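Everything below concerns the one structure shown next.
The values are calculated or read from the model by the stated rules, or taken from the named source; none is laboratory data. All figures in this text were calculated on a predicted structure; none of them were measured in a lab. A quick note on method: Cβ atoms are made from the backbone with ideal geometry, for glycine too, and the neighbour counts reach across all protein chains shown. Heavy atoms of the whole protein, side chains included, go into the accessibility calculation; ligands, DNA and RNA do not. Shrake-Rupley method; radii C 1.70, N 1.55, O 1.52, S 1.80 Å.
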Amino acid sequence: MNDLTPDRDDRVAKLKGLGCSRKRVEDARFTQGKGNYVDDIKMPDMLHGDFVRSPYAHARVVSIDASAALALDGVVAVLTAKDLEPLGLHWMPTLAGDKQMVLADGKVLFQGQEVAYVVARNRYVAADAVELVEVEYEELEVLVDPFKALQSDVTLREDIAGETSGAHGERRHPNHIFLWEEGDKAATEQVIDSADVVAEEMIYYHRTHPCPLETCGCVASMDKVNGKLTLYGTFQAPHVVRTVASLLSGIEEHNIRVVSPDIGGGFGNKVGVYPGYVCSIVASIVTGKPVKWVEDRMDNLMATAFARDYWMKGRISATKDGKITALEAKVTADHGAFDACADPTKFPAGFFHICTGSYDIPVAYVGVDGVYTNKAPGGVAYRCSFRVTEAAYFIERMIEVLAIELGMDAAELRRINFIREDQFPYQSALGWEYDSGDYHTAWDKALAAVGYDGLRAEQAEQLAAFKRGETRKLMGIGLSFFTEIVGAGPVKNCDILGMGMFDSCEIRIHPTGSAIARLGTISQGQGHATTFAQILASEIGIPADSITIEEGDTDTAPYGLGTYGSRSTPVAGAATALAGRKIRAKAQMIAAYLLEVHDNDVEFDVDRFVVKGAPERFKTMAEIAYAAYHQAIPGVEPGLEAVSYYDPPNMTYPFGAYICVMDVDVDTGEAHIRQVYALDDCGTRINPMVIEGQVHGGLTEAYAIAMAQEMAYDDMGNCKTATLMDFFLPTTWETPHYTTDHTETPSPHHPIGAKGVGESPNVGGVPAFSNAVHDALRPFGLRQLHMPHDHWRIWKAANDLGLHD
Ligand code: PCD
């Protein structure tokens, strides 16, 4: 049974392990229509749910009359808050320590809010019945501006009107949720107030939405005979859903099975718990039949979790020669009607306090005020590790504004302030410990790759030509250097509703030398089935092609906290490597026994254990696996399995240098992207091809957000972007071309040195695109233009700067 492949390199290649651009194993099914998404699930007698939603952003619900709907053939039930109240389910807890109405309880607080839940024999009847439910509303004054909300005497949340404190401390106004602070306020103010140079700016990161191609949905199936509830759904954290469902329903956790089948993109939108899940479970318990609920696009955009909506007032100070001395951020965060942000419990503003970025800033302060308005709840990490993208945008804009104030080149300003390689692990003024980095090398590589000096010369020529009236296009060079923080992580700091954020992997090696590994995470398109098998292949010497990766079924997978915040590689990836090492340790004992030598006399070599100094004497992992099940080995249990639960000692801090070059047409407001260069450093690279795909995807979302994508509301709280006609999702037609590059600075604490990467391109990409627009118009006095930079807004900015005169 010996593997006769003579060449060691061939044996390594055969594993398709770490560093190999292995083709994605899941794509065979995705590209051939064999995916299995929630809406593909069909069960006998399955019913369908749909919501009656509020047309108003703020109104009292005077009455609900469901009689006409109930009279329609095929309608089984219409649930309202009154029906859920006896079960204590008309409100539910949010991940942020607030509570949220499941169905409108006396009033509605945002347009699209769930008012009643119709259950019918099929989806069409359900939709018709929704139209027949008569709801009488009494309109109330609408607050869509968080600054006005804090001044208004209209109380949005009457349920907590008298409460002067909430989950995150004091509330200074009925529409105020919390003030969260980090850093040294007094010291920061003192440095800034006496500094040589200070730049001050209000930077708005507009409200947007993750908008995954597949909307949210579930199928709840209560088996009354066996007392078992099965819940299929688009869940980014299936185990958390199981625990929450158990706590809310009182059904014992072992009687609940939560399954996330294939998911068509998550992007943070599928982390939280939505009224649709609760209503479907209740409806299934009441009717005894499976109930499916799948949102349509408008439901998804209007009512499920939004992202960003941060007003960031910044002050940054420096010496005359450009050394940054302090940073202050005062943020007004619009959380909408309920505080349903998806952040680790102790961090109501997520990891926003990574906002000192990649720079060695001695002192800093952050204060974030959360505010209620008449908009949809949410505040999720849309391709971002809990407000990191807001933080990166903030600091990368502040650096640009400071460069203007100093009259200095922004690339040079970054260089002289970067944290130096010898400062890692680096303790930031706001309390983070950056694990590793080499920013100068990455920056120099990026600037050289795009020919930075040449670009600046070309830009100056184009500006001169513009001034001579020879062109109407201005060239902009958008610089961005970001540090991400991913891999939540450390259980002592990070939990969700009290559940510590570890992750897990369980491996079973089969007798014939193939394996299955199950993880607590869940892929939504990232390619985990491909990449986690690669980690294992390198660890245990079994080809990745012989390893099945399974996620998402809580009956079989070990408990984990799910996939978001680019935590799968840093946390579950580490668990996978460590579980693999347990397998290897046992395999070593078996090999030594088979080779009749002492345990310490064999060593692991790619796919086998070899007797030290006698390379011709070895046992392959396949032989060892067979022996584990078929040969009695004294002192060793039969079988070859391992499980690892991993509590990371720290987060990982991937970083990167992004540069976008564009021409802005001042007459049409169009931005023509010439090039986008993206250098990422995510430590050890598992699959370069998957990484490149991740970077392309994240950059495309960054491009969308910076240039046109937004959730816009009018003064009455009407959502103006509830369809894909109005909400910008780029297609290949708009998407620019990307050049990717990398450096590789391993994480010192991760078992294989890997950091996350999925979110990085969004975090670093948005400032690169936005800074390019700013840079183009900078010679004419532009300092800050709020995103998205769509054609109209760019045209308007050019007009305001007098460029059309
Ligand atoms: N990797 C490699 N290497 C390294 C790292 C990484 O290779 N070094 C790869 C892995 O394995 C995978 C990926 O890559 O596969 C990713 O990873 P990560 O970074 O770790 O992450 P995850 O956790 O896995 O995932 C998550 C992310 C997020 S977060 C998001 S948004 C997005 C991203 O992911 N999403 C998505 N990406 C994606 N893709 C797709 N396709 N889809 C989707 O949905 Mo949040 O928080 O949720 O917002």
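Extension gain for E637 to D599 (0.36 nm times residue separation, less C-alpha to C-alpha distance): 12.1 nm.
Taking amide H as placed 1.01 Å from N in the peptide plane, the amide H of F178 sits under 5 Å from that of G370, each at least 5 places away or on another chain.
Remark: spin-label model distance N36-T556 equals 0.8 nm, labels positioned 7 Å along the Cα→Cβ axis. For the range 117-133, the residues whose amide N sits under 18 Å from a probe point set 7 Å from the Cα of A68 along the beta carbon direction are 117-119, 125-133.
When each of the peptides 357-370, 567-580 is scored by how many other beta carbons lie within 10 Å of its residues on average, the order from highest to lowest is 567-580, 357-370. Scanning residues 5 or more positions from V76 or on other chains, those with amide H under 5 Å from its amide H are V119, A120, R121, with H placed 1.01 Å from N in the peptide plane. Here the relative contact order of the range 519-651, from alpha carbon pairs under 8 Å that lie six or more residues apart, stands at 24 percent.
Under a 1.4 Å probe, what is the accessible area of the range 538-682 per residue, stated in Å²?
That works out to 35 Å² per residue.
The amide H of V643, built 1.01 Å from its N in the peptide plane, has I507 as neighbours under 5 Å, considering only residues 5 or more places off or on other chains. Shape analysis of the range 20-62 places it in the oblate category; the axes a ≥ b ≥ c from the Cα gyration tensor give an a/c of at least 1.5, with a/b not above b/c.
Considering only G513, G33, P425, the residue lying farthest towards the positive end of the dipole of the chain is G513, judged by Cα position with unit charges set on Cβ. Here the accessible area is traced with a 1.4 Å probe on the protein chains. For the range 703-805, carbon and sulfur cover 54 percent of it. May I ask what percent, to the nearest 5, of DSSP beta bridges between residues of the chain are antiparallel? For the chain, the DSSP antiparallel bridge percentage is about 80. Taking 22 Å as the straight-line reach from the Cα of K228, the lysines in range (excluding those fewer than 8 positions away in the same chain) are K42, K289, K292. Listed values for the range 329-334 are Karplus-derived 3J(HN,Hα) couplings in whole Hz (6.51 cos²θ - 1.76 cosθ + 1.60, θ = phi - 60°), namely 10, 10, 10, 10, 9, 8, and x replaces Gly and Pro.
Using 1/(1 + (r/R0)^6) with R0 = 41 angstrom and r between the beta carbons of Y629 and N226, what's the FRET efficiency to the nearest 0.05? If you can, show how the numbers build up before the last one.
Numbers: r = 33 Å, r/R0 = 0.80.
Efficiency for this residue pair is about 0.80.
Probing with 1.4 Å while keeping every protein chain in the model, the per residue accessible area of the range 368-433 equals 24 Å².
Over the chain, DSSP H runs of length four or greater, each weighted -39,500 (n - 2.57), average out per residue to a 222 nm ellipticity of -8500 deg cm²/dmol.
Partner lysines whose Cα lies under 20 Å from the Cα of K82, excluding those fewer than 8 positions away in the same chain, are identified as K99, K107. Of the DSSP H helices in the chain, those with a Cα length along their own long axis of 24 Å or more and a mean Kyte-Doolittle hydropathy reaching 0.0 comprise 388-406, 574-595, 688-707, 760-777. Per atom type, the range 340-468 shows carbon and sulfur on 51% of its accessible surface, probed at 1.4 Å. Each residue of the chain gets 177 Å³ once the volume of the Cα convex hull is shared out per residue. Among the listed pairs K375/K473; K16/K619; K313/K796; K16/K582, a Cα-Cα separation exceeding 27 Å is found for K375/K473. Using a/c under 1.5 as the rounded threshold, could you call the range 78-120 rounded, prolate or oblate? The axes a ≥ b ≥ c are square roots of the C-alpha gyration tensor eigenvalues, and prolate needs a/b larger than b/c, oblate otherwise. Taking the square roots of the gyration eigenvalues as a ≥ b ≥ c, the range 78-120 is oblate. Straight-line reach from K224: taking Cα to Cα under 14 Å and skipping same-chain neighbours fewer than 8 places apart, the aspartates and glutamates in range are E252. Surface exposure of the range 192-255, expressed per residue as accessible area with a 1.4 Å probe, stands at 35 Å². Accessible surface for H742 stands near 70 Å², nearest 10, in the context of the full protein assembly shown (1.4 Å probe).
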